[in-house]
Structures are given as structure tokens and as C-alpha cells.
Amino acid sequence: MASEATEKVHVLIIGSGPAGYTAAIYAARANMKPVLYQGIQPGGQLTITTEVENYPGYPEGIQGPEMMVHFEKQAARMGADIRYGLATKVDFNKQPYRVEIDEEKWIEADAVIISTGASAKWLGLESEQRLNGFGVSACAVCDGFFFKGKDVAIVGAGDTAAEEALYLSKLCTTVHMFIRRDQMRASKVMQDRVLNAPNIKVYWNTDTDEILGEKKVEAVRVKNNQTNETQEIPISGFFVAIGHQPNSDIFKGWIDMDETGYIKTIPGTTKTNLEGVFAAGDVQDKNYRQAVTAAGSGCMAALDAERYLTSKGLA
Ligand SMILES: Cc1cc2nc3c(=O)[nH]c(=O)nc-3n(C[C@H](O)[C@H](O)[C@H](O)COP(=O)(O)OP(=O)(O)OC[C@H]3O[C@@H](n4cnc5c(N)ncnc54)[C@H](O)[C@@H]3O)c2cc1C
């Protein structure tokens, strides 16, 4: 059984990606004394990428891990209390809300900001992990530009995969699209767009065997799962678009979510169905999924929390 040791804090932020650190910067500057728990991936998803070129303020681009060190330093300089630890359970039965950390202690908070992000789903190949950031990516909007005028491949069959394939088709020479079955899951209109794009080549019943290349992606070996025939296709970039998993399991049953686990917020705000609990970043956004949008909603969450605490006389 978890220990009953309890600490009371004013504002608790769960997660240390762009959303969490931005919420921490705003909350600290508003004197809300935020305590932030980083989770198992301090810095969030950008710590597993290389170059980030689309975050404003870095004209030369920046390495993802380095950018997140900047976020952390800025939050710390403003006075945020940043701690290593994982939220393992919540009890949102009554206020102040309770969050268990590392199955060891409980934190009570007047307001909670959930910024636990989402994780891209991967195929599980060794080469995919080894070449991640060196031609392998889970985000066409983030990394498509690096492959302008080159041949790339994408795997996935849903609406997001179709959208990403179309996005890549505007930048790249040829987009090879691998689909496991003999049909796509994407909506009819998206399928039509993909199938009519002159430079998207669709391969049905096709599995990815291995991504090839020593230091960067050079080709992909695919197998037709009906005929077992394999072929190698030279490419420079390999995009995985088989879905994302929001990190929201511990909030199930407490916070309203959609069928895939994305936290529902009141449009135009970061408010959840529970007064005093706010959600920011990818955990509540399956649409944009960018560092700058996550940071923007982190700012909104801190402002929403500040207004909430003021309205309750708790500020
Ligand atoms: C390979 C790759 C490349 C990308 N490149 C770009 C790019 O170039 N430009 C761009 O704008 N976007 C890019 N993105 C997308 C961008 O990384 C995300 O949109 C952004 O990081 C989302 O921020 P977030 O704060 O919502 O969550 P995340 O970055 O997902 O961070 C979530 C945080 O929550 C923590 N956490 C999770 N569960 C718990 C828990 N139970 N307790 C405590 N903490 C918890 C994690 O440890 C982590 O710190 C890329 C994504 C990937 C995967």
C-alpha cells in the first residue's frame, strides 16, 4: 500500500515537455509557486529528435535535447520547483486534488495542470530505433522539409498517414507508401487524394522488413505479405505514421477523454470537466502536435489556473 506521506502545493504540473515547462514559466512568474514532476522522459518527445527548425526564436535551428534544456533552465530561473518523479495515481474525488508520486508519497494541489504528452507508436524494428533522428521520423510536418526534393517512404493507413503522405508529396520527389492490408483505414476523401497524387506510390499488403543505412537512412526493404517477395527501395527519409498514444492512463475514470484517450478540454481553453484541473499539449491535442502549439497551450493552462485560483480566493 502507498505511503500516506502528503505534501501540500499550490499548483502541480505533471510533465516536462514544452507544455509543462511553459506552464511552469508562467505559473512561477505569477507567483503560483508551481511544482513540476518531469516523468520518465525529462524534456519530453523533443529529446528523441535531432534538429528542430520550426520553433520560433532559433534562426539557425537547434537540437531538440538542447532546446528542452533551455526550457528547463528558464522555468527554474523563474522559480519553478522542478523534480524528477512520476505521477502514478490520482485521487480527484475532492479538492484539494491528490496525486501520488512514484507510488511513495501524495501531493495535494489547489490546481493541477496535466501536460503528460503523447508517444508516437513505432514499428519496433532495431533499425528504426538506431536511425531515429537520422532519417527516421514520426512527424512529417516536423521533418519533411529536410527531405525536400528527395525520395521518402511512409508507413500507415489511417487519416493521419494519408495527411502526412500528402504533406510530404508537396516537398519530396516520390513518396512510397506502405500499407499492410489491401485497403486503407483513411476516409474515402483522403484515400482519393492519396491515390490521385501523381508522386505517391502505394504498395498494398506490404510490411517493412528493415530500414537500411549505417549512419543515415539509405533504403528500405519491404515484403509483400501475400507473395513473400521482398524489394529494396532507395530513400532518404522514413516516416512512421501508425498513430500516437496519449499518456493519460492514470486519469482514466476521473477526466473526460475521447475514445483514444485524448483528454477533452473546453474549446478555446485548457479546462477539463473537473474544476481546477487543466490539460495542455499533446495529451489533449491530436490535431496539431507541435512544440509551439504545446507551449502555447501550456501558457493558456497557467493563465486558466491563475484565474481559477483567484476566483476561489486561493491565489
Ligand atoms: C521524433 C519527433 C520529432 C519531432 N520534431 C518536432 C519538431 O521539429 N518541431 C515541433 O514543433 N514538434 C516536433 N515534434 C512534436 C513535439 O515533440 C510535440 O508536439 C511536443 O513535444 C509535445 O509537447 P508536450 O509538452 O505536450 O509533451 P511531450 O513532449 O510529449 O512531453 C510529455 C512529458 O510528460 C511526462 N510524463 C508523461 N507521463 C507522466 C507521468 N505519469 N508523470 C509525470 N510526468 C509524465 C514525460 O516524461 C514528458 O516529460 C516531434 C516529435 C517527435 C516524436
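The values are calculated or read from the model by the stated rules, or taken from the named source; none is laboratory data. In this text, all values refer to a predicted model and were calculated from it rather than measured experimentally. Note that we place each Cβ from the backbone using ideal geometry, even for glycine, and neighbour counts take in every protein chain shown. To get the accessible areas, we keep the full protein, side chains included, count just its heavy atoms, and leave off ligands, DNA and RNA. Shrake-Rupley method; radii C 1.70, N 1.55, O 1.52, S 1.80 Å.
Observations
- Among residues other than THR50 with Cβ under 11 Å from its Cβ, the summed charge is -3 (Lys and Arg +1, Asp and Glu -1).
- Under 16 Å from LYS264, Cα to Cα: aspartates and glutamates that are on another chain or at least 8 residues apart: ASP249, ASP256, GLU275, ASP282, ASP285, ASP304
- Karplus-derived 3J(HN,Hα) values for the range 181-194, using 6.51 cos²θ - 1.76 cosθ + 1.60 with θ = phi - 60°, are 10, 9, 8, 9, 8, 4, 4, 4, 5, 5, 4, 4, 5, 5 Hz; glycine and proline are entered as x.
- Principal axis dimensions, the range 122-240 - Cα atoms, whole angstrom, descending: 38, 34, 22
- Residue of ALA120, ALA301, ALA291 that the Gaussian network model of the chain assigns the largest fluctuation, springs spanning Cα pairs under 10 Å: ALA120
- 13 Å beta-carbon shell around ASP151, net charge (K/R +1, D/E -1): +1
- Counting charges near ALA301 (Lys, Arg +1; Asp, Glu -1) among other residues having Cβ under 15 Å from its Cβ returns a value of -2.
- Given charges at Cβ of Lys, Arg, Asp, Glu: the chain dipole, positive-most of ASN205, GLY313, GLY85: GLY313
- Positive dipole terminus of the chain, leading residue within HIS70, THR265, ILE113 (C-beta point charges): THR265
- Total charge dipole magnitude, the range 159-315, about the Cα centre, Cβ charges on Lys, Arg, Asp, Glu only, Debye to nearest 20: 240 debye
- Cysteines in the chain that lack a partner Cβ within the 4.7 Å cut-off: CYS172, CYS299.
- Rg and Dmax, both from the Cα atoms of the chain and both in Å, are 21.3, 69.
- Pairs of Cα atoms nearer than 8 Å and 6+ residues apart set the relative contact order; for the range 122-240 it is 30 percent.
- Nonpolar atom fraction for the chain, defined as the carbon and sulfur part of the 1.4 Å probe accessible area, stands at 50 percent.
- Solvent-accessible area per residue in the range 176-315 equals 53 Å², computed with a 1.4 angstrom probe and all protein chains kept.
- Close Lys-Lys pairs in the range 122-240, where close means Cα under 19 Å and separation is 8 or more or interchain: 10
- Alpha carbon centroid spacing (whole Å) that separates the range 242-315 from the range 1-73: 15 Å
- DSSP-assigned coil residues among chymotrypsin sites (Phe, Trp or Tyr not before Pro) in the range 1-58, each with at most 13 further Cβ atoms within 10 Å: none
- Trypsin sites (Lys or Arg not before Pro), loop per DSSP, at most 13 other Cβ atoms within 10 Å - longest free stretch of the chain: 1-93
- Derived scalar couplings ³J(HN,Hα) [the range 70-87; Karplus, 6.51 cos²θ - 1.76 cosθ + 1.60; whole Hz; x for Gly, Pro]: 4, 4, 5, 4, 5, 5, 5, 4, 7, x, 5, 8, 9, 10, 7, x, 10, 6
- Highest mobility in the GNM of the chain, judged by mean-square fluctuation with C-alpha springs under 10 Å and restricted to GLN183, GLN191, GLN63, is found for GLN183.
- Looking at the range 75-128, the accessible area is 46 square angstrom per residue; that uses a 1.4 Å probe and ignores ligands, DNA and RNA.
- The calculated FRET efficiency for the pair ASP207 and LYS312, based on their C-beta separation and a Förster distance of 51 Å, comes to about 0.40.
- Label-to-label distance, ILE48 versus GLU275, with points set 7 angstrom from Cα along the beta-carbon direction: 3.9 nm.
- Computed over the range 197-315, the P(r) tail beyond 26 angstrom holds 48 percent of alpha carbon pairs.
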